[in-house]
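These notes concern the structure reproduced below.
The values are calculated or read from the model by the stated rules, or taken from the named source; none is laboratory data. None of the values given here were measured: they were computed from a predicted structure. We place every Cβ from the backbone using ideal geometry, glycine too, and count neighbours over all the protein chains shown. SASA here: full protein model, heavy atoms, side chains in, ligands and nucleic acids out. Shrake-Rupley method; radii C 1.70, N 1.55, O 1.52, S 1.80 Å.
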Amino acid sequence: MKIVLFFLSIIGIIFSGCKSDKLTMATAANFAPFEYISGGEFQGIDIDVAKIIASELGKELVISDMEFDSVVQSVASKNADIGLSGLTMNEARKQVIDFSDTYFNAAQMLIIKENDKRFENLKTKEDVIKAINKIKGLKIGVQAGTTGEFYSKGDKDWGFDGFKNTTTISFTNGAMAITAMLNNQLDVVIIDEMPARVLTKTNSGIELIDIALTDEKYAIAVSKGNNELLNKINEILRAIKQDGRMQEIINKYYTQNQ
Ligand code: ARG
């Protein structure tokens, strides 16, 4: 009898583990308009997308806020079910997690101090790279663990050459990098386009160089081999792209943060 009860409880534990009624999302909520905290609440494009996914799956969304460079690992180790964090698809990350279909096109962009004469008349990506490489000892601020950091430092896996004679300084979020730049501890900041637009609108004394430096696609991370969840997420993404809900969410947070 005891043995039967023992096995029954083991089965119960396994069953409740599989059929969790919660959907845990790993994110770094310091990245408006994708995820940020406002009025004590999580808000942003990724938050709204995650809410739709959770409701379609009949689960309660639980948001786990962490530093960006922990997001992928947290999904890989199954501490979170999904990673939704303006996360750029990339081969190196694909080694440890699976990506959904893409839901947003992105690019790195350069933010400078207003009227920084060293960055005048830039028209192309090549112009920007040349201008950066020309200045010895240029200090570039980036967000730790992001494409911006890899792009600035150079990284083989990402196919980025990096810049000559520059120093890359990493911050936990873009706002901190902007503050450091305004305090003259940095020359420029490199960060994803939409957050760059929000930062330049909400801070005075800085300027956006509106030229795409990279070609990136955001996608949702799930743990490796979790095809059931992945397929459902892709189905939901397809539906909200088709019926216009995705665009509505993007418009809502884009105008709200201008
Ligand atoms: N797209 C960049 C990357 O994947 C930056 C994402 C930063 N996201 C955030 N929530 N802070 O590396």
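Odds and ends about this structure:
- The condition of being within 16 Å of the ligand (Cβ to nearest atom), in contact (Cβ under 8 Å) with a residue 24 or more places away in the chain and either in contact with a Gly (Cβ under 8 Å, 6 or more places away or on another chain) or closer than 18 Å to residue 177 by Cα (or both) holds for only one of 137, 154, 141, that being 141.
- Cross-chain or 6+ apart pairs with Cβ under 7 Å, segment 200-229 first and without any contact (Cβ under 8 Å) to a residue 60 or more places away in the chain, then within 16 Å of the ligand (Cβ to nearest atom) and outside any loop (DSSP other than H, G, I, E, B): 203/178
- Restricting the search to helices (runs of 4 or more DSSP H) fully inside segment 23-98 and requiring at least 2 residues that are in contact (Cβ under 8 Å) with a residue 60 or more places away in the chain, more than 10 Å from the ligand (Cβ to nearest atom) and acidic (Asp, Glu) gives 45-57.
- Residue count for segment 209-234, restricted to those that are within 16 Å of the ligand (Cβ to nearest atom) and open to solvent by 70 Å² or more (accessible area, probe 1.4 Å): 2
- Taking the listed residues 109, 89, the one that is among the hydrophobic types (A, V, I, L, M, F, W, C), closer than 23 Å to residue 65 by Cβ and modelled with pLDDT of 95 or more is 89, with no other qualifying.
- Only a single criterion out of (1) out of contact with any strand residue (DSSP E or B) (no Cβ under 9 Å at 6 or more places or on another chain); (2) within 15 Å of the ligand (Cβ to nearest atom) is not satisfied by residue 124, namely (2).
- Selected residue (only one of 206, 178 is open to solvent by less than 30 Å² (accessible area, probe 1.4 Å), among the aliphatic types (A, V, I, L, M) and under 18 Å from the mean Cα position of the chain (by Cα)): 178
- Residue in segment 185-202 that is at pLDDT 95 or above, at positive phi and not in a helix (DSSP H, G or I) present: no
- Residue 152 meets all of the listed conditions (1) open to solvent by less than 40 Å² (accessible area, probe 1.4 Å); (2) more than 17 Å from residue 109 (Cβ to Cβ) but one, namely (2).
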